[in-house]
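Laboratory data are not the source of any read-out in this text; all were calculated from the coordinates shown. Small disclaimer: the values here were computed from a predicted structure and weren't measured. Positions of Cβ are generated from backbone atoms using ideal geometry, with glycine treated the same way; all protein chains shown enter the neighbour counts.
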Amino acid sequence: MAQRFGRCTNYSGCKLAYRNEKIAVVTKDFRCPECGSPLEAIAPQQKSSYTLIIGIFVAAVLSLAIGAILWTLRTTPRRHATIVELIPTPTPSQTTRVTPEPSPPEIPMAAPTSTPAASPEIVSTPENLDLTGADLEEVKRGILKRIELQPTATRAQKDRAYAVVQSAKGMGRIVIISFATAITDLPSQEIGSVQAQVAQPRVKKLLEDPTLLLIILGYADKQGNDQRNIDLSFGRARTVAEILRSKCEILNAMYPIPMGGTDLFDQRDFSKNRIVEVWVVKPKT
């Protein structure tokens, strides 16, 4: 016979009733084994599966969500643009760093390409952006001189930067942009100026070559302390690098280099020294 459950109601004369114990009976006679009184039937307790069902449902939803996130991360296309920062000595966290740069020399920036007697440090821009022009070595000497004068760079950092410039088969400046005092961001009109300079047909043609590198030299004027000027010039170089990557969709490897405070471009007008130059470098193959 199936097991049945009950409780005795003889509270005055039965210990089982007094303790309100549940009594299991397997005999036909449904009475209390202690006092013989009829038992009050109790339906067997059934464990509710509601909590279990909810738990399974929540686990399934979480599994689907995690799977969707992993699938999205796996299928999201990676950016191919590379920005290799030449970071000053105080910031040792980057992996692919090359070198920081100089507080520049006394070099008139706008000097024509053929003024070798004026100063060996003159960096002149090939007007036709010819990457194999006769002024290449003069351009390289000027940039290397600026890197050498950088006070915060270690010897290893300078050597790494030298390797980038010295291995160049050709160079040409493609962008020059000014910044406001103590500012590392550019307003929308200046961003448009960067885009316009890059959009010139000869520049666009040059940048179709994915092996070309971009050296981005950031400058500050000589007001303020040296470390502040390094930070400003580095921030400006990185700003232009990000504009070239996100706004101009340039995928070439970029080297933002902080040149620190300078009066290189004008010793009396500070505003002319708060600039960023972008140089195209064609490495030797």
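Summary of computed values
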quantity	calculated
Gained length - GLU148 relative to ILE66, 0.36 nm times residue gap less alpha-carbon distance	24.4 nm
Cα convex hull volume per residue for segment 136-283 (Å³)	103 Å³
Sites LEU251 and ILE42 - FRET efficiency at Förster radius 51 Å, r taken between beta-carbons, to 0.05	0.10
Cβ-based exposure ranking for GLU190, GLU208, in which fewest neighbours within 10 Å come first	GLU208, GLU190
